[in-house]
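These notes concern the structure reproduced below.
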Amino acid sequence: MSGERGRGVVLHALAALILVVGVGWWWRAAPRDTVEDPLMGWRHSAEQLLPDVGDQELANTLALEGDAGHEEVVDVEQGDFLISVVCAGDDGSRVRVSLGTGDSGRGLRCSGSRTPEIFSVGLFDELHLRVAVESPGPVVFRYALQRSNG
């Protein structure tokens, strides 16, 4: 009788162990609620609004802190170019984009309905693109440069 009782205890202990391991595996394998990084969503949005195209000279996507400025200086060959810009961020966020020292710039909304702004410019050897974030909180700014066909 003692042998049967021992085997019963072992079987019950193994069943309990299998149950505990199964519950632990189920708990670890359950999908977690993911907290999406807003910068990643804004980057994706900016890249969809201004995608890479085959004939562009260059493009860049920048994450910029709130109430800050940034200057991009890029070497280019002389010629006429189209510069497309777009930004994405929290409701009410804005940036000001300028292409030179005497240029006061143009304001862009970073939320809501927006389309890329396009500037025509003649460049000699460098692109000077200044971006000033006019709101708190980070924004994602994207620009693309391509040669003008006209």
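The values are calculated or read from the model by the stated rules, or taken from the named source; none is laboratory data. Just so we're clear, the structure is a prediction, and the values are computed from it rather than from any experiment. Note that each Cβ is placed from the backbone with ideal geometry, even for glycine, and that neighbours are counted across all protein chains shown. Side chains are part of the model used for accessible areas, which takes the heavy atoms of the whole protein and leaves out ligands, DNA and RNA. Shrake-Rupley method; radii C 1.70, N 1.55, O 1.52, S 1.80 Å.
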request  = Would you confirm whether any residue within region 74-84 is in contact with a Ser or Thr (Cβ under 6 Å, 6 or more places away or on another chain), at pLDDT 90 or above, not small (Gly, Ala, Ser) and not in a strand (DSSP E or B)?
outcome  = no
request  = Could you check residue 138 against (1) closer than 17 Å to residue 60 by Cα; (2) at pLDDT below 90 and say which number it fails?
outcome  = (2)
ask   = Within region 122-150, which residues are surrounded by fewer than 17 Cβ atoms within 10 Å (Cβ to Cβ) and free of Cβ contacts under 8 Å to residues at least 60 places away in the same chain?
value = 122, 124, 125, 126, 128, 149
ask   = What about residue 53, is it within 15 Å of residue 148 (Cα to Cα) and β-branched (Val, Ile, Thr)?
value = yes
inquiry  = Pull out all pairs, ordered by first then second residue, where Cβ-Cβ is under 7 Å, the residues are six or more apart or on different chains, the first lies in region 45-70 and is under 20 Å from residue 132 (Cα atoms) and open to solvent by less than 40 Å² (accessible area, probe 1.4 Å), and the second is in a loop (DSSP other than H, G, I, E, B) and among the acidic types (Asp, Glu).
reply    = 59/52
message = Can you pull out every residue in region 72-97 that is in contact (Cβ under 8 Å) with a residue 24 or more places away in the chain, closer than 16 Å to residue 113 by Cβ and surrounded by fewer than 21 Cβ atoms within 10 Å (Cβ to Cβ)?
response = 90, 92, 94
ask   = Any residue at all in region 27-36 that is among the hydrophobic types (A, V, I, L, M, F, W, C) and surrounded by 10 or more Cβ atoms within 10 Å (Cβ to Cβ)?
value = no
ask   = Going by the conditions given, is residue 108 more than 22 Å from residue 40 (Cα to Cα) and touching a residue at least 12 places away in the same chain (Cβ under 8 Å)?
value = no
inquiry  = Quick check on region 93-116. Is at least one of its residues among the acidic types (Asp, Glu), in a loop (DSSP other than H, G, I, E, B) and over 28 Å from residue 135 (Cβ atoms)?
reply    = no
ask   = Which members of region 97-141 meet the condition of being hydroxyl-bearing (Ser, Thr, Tyr) and farther than 22 Å from residue 48 by Cα?
value = 98, 101, 104, 135
task = Restricting attention to region 17-58, report how many residues are more than 18 Å from residue 91 (Cα to Cα), in a helix (DSSP H, G or I) and under 20 Å from the mean Cα position of the chain (by Cα).
result = 2
